[in-house]
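Remarks on the structure that follows.
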Amino acid sequence: MSQDPWLQNYDATCRLAQEIAENIHERNRQQRTGGNPAKVNMTLRASLQKLKQNIAQLKEGLLRSSSSRRIMQSEADRRQNLIDELLTREKRLNASFKRDAAEPEPSRSTLMDGGGAAAGGGNTANPWLINESEETRGLSFGEIKQQQQRIIEAQDQGLDALAAVISRQKIMGQEIGNELEEQNEIIDDLAHLVDKTDGRIRNETRRVKLVETKSASCGMLVVIVLLLIAIVVIGVWPM
């Protein structure tokens, strides 16, 4: 399977940066020993211009890939970090090129480190990062890339886990909502049943009162009849 063209261009740009670092060191050596570095300076100017163009092409390629969604956002962020590191290296190389040879220059290993590691995964140190953290200090460029990739993968795993938790919470919320709807329906049925039962109780209460009233009337009537009978009996009974 062929390598991604963007990554191929990136590796070529890193190799160019390493070549520039070697030529700057050679130019400075010639200046210190009384040689004529004019030819090397011409080569360096052309190489630095080429490095600037390559970085611009990497930016454009990343923008096209990201806007067309040919790569994931995490990969786009990783590539943007690589471009930022290349820009830092370009600034340092330009500063080294413009520095007078009489001034203390960075060591050969300092100028060369980082470029070869990007292309071949070497073990040289990477001095190109400004305000380098303790976590990356002393690591090669390839090792820093691997560390960044592991961090990105860990973040992706964390996001996947968070998405799974959110999905479960959403399902639980939907189930709770369905349960509440069922409970509301049950409550509505109970309220309707209570209303019907209350109406029946009121009707039965009225009937009981009516029966009581009729019973009381019948009792009075019986008493009156008994009194009349007693009067009649007493009235006709011989003394």
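The values are calculated or read from the model by the stated rules, or taken from the named source; none is laboratory data. Only a predicted model underlies this, so the values are computations on that prediction, with no experimental measurement involved. Virtual Cβ from ideal backbone geometry, glycine too; neighbours counted across all protein chains shown. Accessible surface is based on the protein model in full, side chains and every heavy atom, while ligands, DNA and RNA are left aside. Shrake-Rupley method; radii C 1.70, N 1.55, O 1.52, S 1.80 Å.
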Excluding residues fewer than 8 places away in the same chain, name every one of the lysines whose C-alpha is closer than 19 Å to that of Lys98. Lys39, Lys50, Lys52
Is any residue of region 188-213 close enough, with backbone N under 15 Å, to a label point placed 7 angstrom from the Cα of Val223 along the Cα-Cβ axis, and if so, which? 213
At a probe size of 1.4 Å, how large is the accessible area of Arg45, to the nearest 10 Å²? 140 Å²
Report ³J(HN,Hα) in whole Hz for each residue of region 155-162, in order, from the Karplus equation J = 6.51 cos²θ - 1.76 cosθ + 1.60 where θ = phi - 60°; Gly and Pro get x. 5, 4, 5, x, 5, 5, 5, 5
Across region 15-28, in residue order, what do the Karplus-derived ³J(HN,Hα) couplings come to in whole Hz, using 6.51 cos²θ - 1.76 cosθ + 1.60 with θ = phi - 60° and x for Gly and Pro? 5, 4, 4, 5, 4, 4, 4, 5, 5, 4, 4, 5, 4, 5
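Met172 to Asp77: FRET efficiency via 1/(1 + (r/R0)^6), r the Cβ-Cβ distance, R0 30 Å, to the nearest 0.05?
Values: r = 32 Å, r/R0 = 1.08.
Computed FRET efficiency for Met172 and Asp77 comes out at 0.40.
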